[in-house]
Amino acid sequence: MSAARPFFGGNWKMHKGPDEARAFLHAFAERHPPREDRTVVLFPPAIALPALVGAAADRPDVEVGVQDVHQEREGAHTGAISASMAAEAGARWGLAGHSERRREFGDDDERVARKVDRLLEAGVAPVLCVGETLEQRDAGRLQEVLHRQVSAVVERLSDRDRRELVIAYEPVWAIGTGRTASPEDAAAAHELVRKDLAAWIGDAAEAVPIIYGGSVKPANAGELLTMPGVDGALVGGASLDPEAFASICAVVTA
Ligand code: PEP
């Protein structure tokens, strides 16, 4: 840990419509009492976002985020949603650069950077996802890939906006695969990201939350979150189950 409050994100991907989102919130809220010492954010599919915001109305400690927004402010982009629409629907946070968007939808560094710009101007706090493929890691390119993905976004931002970021380190080979980075590997990658940030904002980089994502489960969350520089978790599969996600959100952090 280095940031003030650990951050727990639940990325539902293409799971749960409005009814299931409401049912999840009720089940999760029963298992997760409000706590001021951590940030908990659920990222439902956009179509379930208003339902989840409504269901969480009496639980302000459970925040809601959007999984993706378009890089333009508005226009002829069938099927897309803008950052300002997401904000209007109640999203306080927004993912950008998730590896599934990079791989399936061609989000390159330039587009990811523009999405972060749109989120910030709409008042939605960005969670920038970065991470290497297994091929890149095996070729010794971890540092280069993280540097490229972080710099593409950070170089466009003001110092103030740089401090607003949450960065999710998500090794692509660990997402949805059941393989988790070792706590030491995660901590080492977080340190690389923090050094890149420090080149821009100096000591303020210490306070930027850098969270880990990739097959986080109740059984491994505690070990990962006590590593130095690991400030929380972005959870995919295990966040679909209210009990599992509540148990991850309850882990004792360093
Ligand atoms: C993710 O989608 O960001 C993720 C980390 O997924 P999973 O936990 O299923 O690996």
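The values are calculated or read from the model by the stated rules, or taken from the named source; none is laboratory data. Since this is a predicted model, take the numbers as computed values, not measurements. Here the Cβ positions follow ideal geometry from the backbone for every residue, glycine too, while neighbour counts run over all protein chains shown. Side chains included, ligands, DNA and RNA excluded: accessible areas come from the protein's heavy atoms. Shrake-Rupley method; radii C 1.70, N 1.55, O 1.52, S 1.80 Å.
Report, by residue number, each residue of segment 128-137 that is open to solvent by less than 10 Å² (accessible area, probe 1.4 Å) and outside any loop (DSSP other than H, G, I, E, B).
L128, C129, V130
Being near the ligand (Cβ under 9 Å from one of its atoms) and either open to solvent by less than 60 Å² (accessible area, probe 1.4 Å) or without any contact (Cβ under 8 Å) to a residue 12 or more places away in the chain (or both) is the filter here, so list the residues in segment 194-224 that pass it.
Within segment 194-224, Y212, G213, G214, S215, V216 qualify.
Condition first: crowded, with 18+ Cβ neighbours inside 10 Å and either at pLDDT below 95 or more than 29 Å from E121 (Cα to Cα) (or both). Now tell me which residues in segment 138-153 satisfy that.
L142
Any residue in segment 1-19 that is open to solvent by 10 Å² or more (accessible area, probe 1.4 Å), in contact with an Asp or Glu (Cβ under 7 Å, 6 or more places away or on another chain), under 22 Å from G236 (Cβ atoms) and hydroxyl-bearing (S, T, Y)?
no
For segment 214-254, which residues satisfy the criterion of being outside any loop (DSSP other than H, G, I, E, B), closer than 24 Å to K195 by Cα, among the aliphatic types (A, V, I, L, M) and touching a Pro at 6+ places or on another chain (Cβ under 6 Å)?
The answer is L224, and nothing else.
Determine which member of the set R59, R35 is modelled with pLDDT under 95 and of a type in the set (K, R).
Numbers: R59 fails: modelled with pLDDT under 95.
On inspection, the qualifying residue turns out to be R35.
Only one of (1) in contact with a strand residue (DSSP E or B) (Cβ under 7 Å, 6 or more places away or on another chain); (2) of a type in the set (D, E); (3) within 16 Å of the ligand (Cβ to nearest atom) is not met by D61, so which one is it?
Of the numbered conditions (1) in contact with a strand residue (DSSP E or B) (Cβ under 7 Å, 6 or more places away or on another chain); (2) of a type in the set (D, E); (3) within 16 Å of the ligand (Cβ to nearest atom), the odd one out for D61 is (3).
Of everything in segment 84-102, what is in a helix (DSSP H, G or I), in contact (Cβ under 8 Å) with a residue 40 or more places away in the chain and open to solvent by 30 Å² or more (accessible area, probe 1.4 Å)? Give them in sequence order. Working first, answer last.
Within segment 84-102, the subset in a helix (DSSP H, G or I) is 84-88, 99-102.
If we keep only those that are in contact (Cβ under 8 Å) with a residue 40 or more places away in the chain as well, we get 86, 99-100.
Matches in segment 84-102: E100 only.
So in segment 20-50, with the set limited to residues that are assigned to a loop (DSSP other than H, G, I, E, B) and away from the ligand (no atom under 16 Å from the Cβ), which one is most open to solvent (accessible area, probe 1.4 Å)?
Looking at residues that are assigned to a loop (DSSP other than H, G, I, E, B) and away from the ligand (no atom under 16 Å from the Cβ), I get E36.
Is it the case that segment 231-240 has a residue that's open to solvent by 30 Å² or more (accessible area, probe 1.4 Å) and either at pLDDT below 95 or touching a Ser or Thr at 6+ places or on another chain (Cβ under 9 Å) (or both)?
Yes, segment 231-240 has at least one match.
Residues are listed down the side, and each one gets a yes or a no for (1) touching a strand residue (DSSP E or B) at 6+ places or on another chain (Cβ under 9 Å); (2) among the polar types (S, T, N, Q):
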{"site": "A199", "(1), (2)": "no, no"}
{"site": "D203", "(1), (2)": "no, no"}
{"site": "E206", "(1), (2)": "no, no"}
{"site": "G214", "(1), (2)": "yes, no"}
{"site": "A219", "(1), (2)": "no, no"}
{"site": "E223", "(1), (2)": "no, no"}
{"site": "T226", "(1), (2)": "no, yes"}
{"site": "G232", "(1), (2)": "yes, no"}
{"site": "A244", "(1), (2)": "yes, no"}
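When you scan segment 89-127, how many residues do you find that are among the hydrophobic types (A, V, I, L, M, F, W, C) and within 16 Å of the ligand (Cβ to nearest atom)?
6
Tell me which residues, restricted to segment 163-193, are away from the ligand (no atom under 16 Å from the Cβ) and open to solvent by 20 Å² or more (accessible area, probe 1.4 Å).
Our first condition is that a residue be away from the ligand (no atom under 16 Å from the Cβ); within segment 163-193, this holds for 163-165, 184, 187-188, 191-192.
Within segment 163-193, R163, E164, E184, A188, E191, L192 meet the criteria.
Would you be able to say whether some residue in segment 81-88 is among the acidic types (D, E), under 27 Å from E206 (Cβ atoms), modelled with pLDDT of 95 or more and away from the ligand (no atom under 16 Å from the Cβ)?
No, the conditions are met nowhere in segment 81-88.
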